[in-house]
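The values are calculated or read from the model by the stated rules, or taken from the named source; none is laboratory data. A quick note: this is a predicted structure, and the numbers were derived from the prediction, not measured. A quick note on method: Cβ atoms are made from the backbone with ideal geometry, for glycine too, and the neighbour counts reach across all protein chains shown. When the accessible area is computed, the model is the full protein with side chains, heavy atoms only, and any ligands, DNA or RNA have been set aside. Shrake-Rupley method; radii C 1.70, N 1.55, O 1.52, S 1.80 Å.
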Amino acid sequence: MSLKSVWRDWRVKVHDILEVGDGNPIGRVVNVFLIVLIVANGLAFAAETVPSLYDRYGPEFEAFNTFSVVVFTVEYLLRLWSSVEIPLLRRLPHWRARLNFAARPMMIIDLLAILPWYIYLIVPFDLRALRVLRLFRLFRLLKLLRYSPALLTLKRVIAHEYRALLGAILLMMMLMLFSAAVIYFLERGAQPDKFGSIPAAAWWALSTLTTVGYGDIVPVTPLGKVFGSIVMLLGLGMFALPIAILSAGFSQESARHEFVVTWSMVARVPLFSTLDAAEVAEVTKLLYTRLFQAGATIVPAGDAGGAMYFIGSGEATVCVVPGQPIKLHEGDFFGEMALLEHRSHRHAVVADTVCRVYGLDSEGLARLGRRHPEIVRHIKEVAKQRALENQKLRRAPRSPRAKSPAAKKETQAQ
């Protein structure tokens, strides 16, 4: 094997460890280590501001900071080096691919987390400038965005809903300015020191609209109090707009993610292998999903047969005849006989591993039959074939048990 191919293999391994993460055993260990190190940096940054702790453990804090910078620098360089293995960047020249990758927001955050340390090392500043540079260490906490699905979801929600959020913020600023202008004309005569200008009154408007109400500035005139009450009521509804926008965005993002996951798993079911992407998307809308832990009963015996089920991932067991379990794997389906015959399930299905199961109820089956009758015909054929096989299994004679020596002697005597 040539040196170039060995170099490429190592680069692919580094890319899998750092970018794939949870999909790689070593990557999981590296991710946990980096997450712990990032959180520890945040705690150390806060502890350094306690004079007694810094006077006692100052050298230790500096050593930990140096160690963290070295680790984050190695991580940054390895990510940059292995970025040419990203599928979307493979067709570009290596220098261009790495430049595009370095311009990504997460890579800029990684650079800002370590760059001030090197700047101070090369160009010494006075103590006050050093304290300002220490604030950039808080960028290390933003590195958690790469490892937290919830934070990544929040980032996508803000990116998708930024127009609505900007509109809500603009509306709030207009309302704050309007409130400050009105209270200025109502209260400037009674309290010129507090409401002597619109910018001074804006502090009262902001604290009132946000329902914080510090109490340091309050209207004293009757009209000012009436208007203050109206501003409080407006604040309750106005500042709830961004929360409503973000909550709706989270709901849509969760539904979008669940749909993509369901679509990819449904596309792997052999029953739907002949459908194109649009048709798989239609089928996905008819299914509902449930997750079962190992040992949980997916379908209990005697339960109403109102749906059939597909195994998206994992394995399960059904026992038609005692002592003869049947294994169900990814892509298998069951419960179709009970659904078609409108009866209860005769056999329990138990999850052997963590199973993601997709259900199709009678209404969904009817809609599927109208769009794709060939799939429903195949389900019915499989149901008939399984019914015949189950009858054969039940009628099959069981192997006789070995007789005891006393029974053998009794038989011989007879």
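The label point for A281 and the one for W10, both projected 7 Å from the Cα toward the Cβ, are 4.5 nm apart. Loop-located trypsin sites (Lys or Arg not before Pro) in region 291-396 (DSSP state not H, G, I, E or B) with no more than 14 neighbouring Cβ atoms inside 10 Å: R343, R346. In this structure the amide hydrogen of E330, modeled in the peptide plane, comes within under 5 Å of the amide hydrogens of G314, none closer than 5 places in sequence on its chain. Applying 0.36 nm per residue to the separation of R156 and E389 and subtracting their alpha-carbon distance, the gain on full extension is 78.8 nm.
Placing pseudo-labels 7 Å out from each Cα toward the beta carbon at A102 and K380 gives an inter-label distance of 6.6 nm. Extension gain, L141-V354: 0.36 nm per intervening residue step, less the Cα-Cα distance, totals 73.4 nm. Taking all protein chains as they are arranged and a probe of 1.4 Å, the heavy atoms of H15 leave approximately 30 Å² accessible to solvent. One Cα centroid belongs to region 159-224, the other to region 59-123; the line between them spans 44 Å.
Ordering C319, C355 from largest to smallest accessible area (1.4 angstrom probe), what's the sequence?
Details: C319 60, C355 0 Å².
Solvent-accessible surface, decreasing: C319, C355.
The accessible area of D303, taken with all protein chains in place and a 1.4 Å probe, comes to roughly 70 Å². Stretched out straight at 0.36 nm per residue, the stretch from E60 to R371 would grow longer than its current Cα-Cα span by 105.1 nm.
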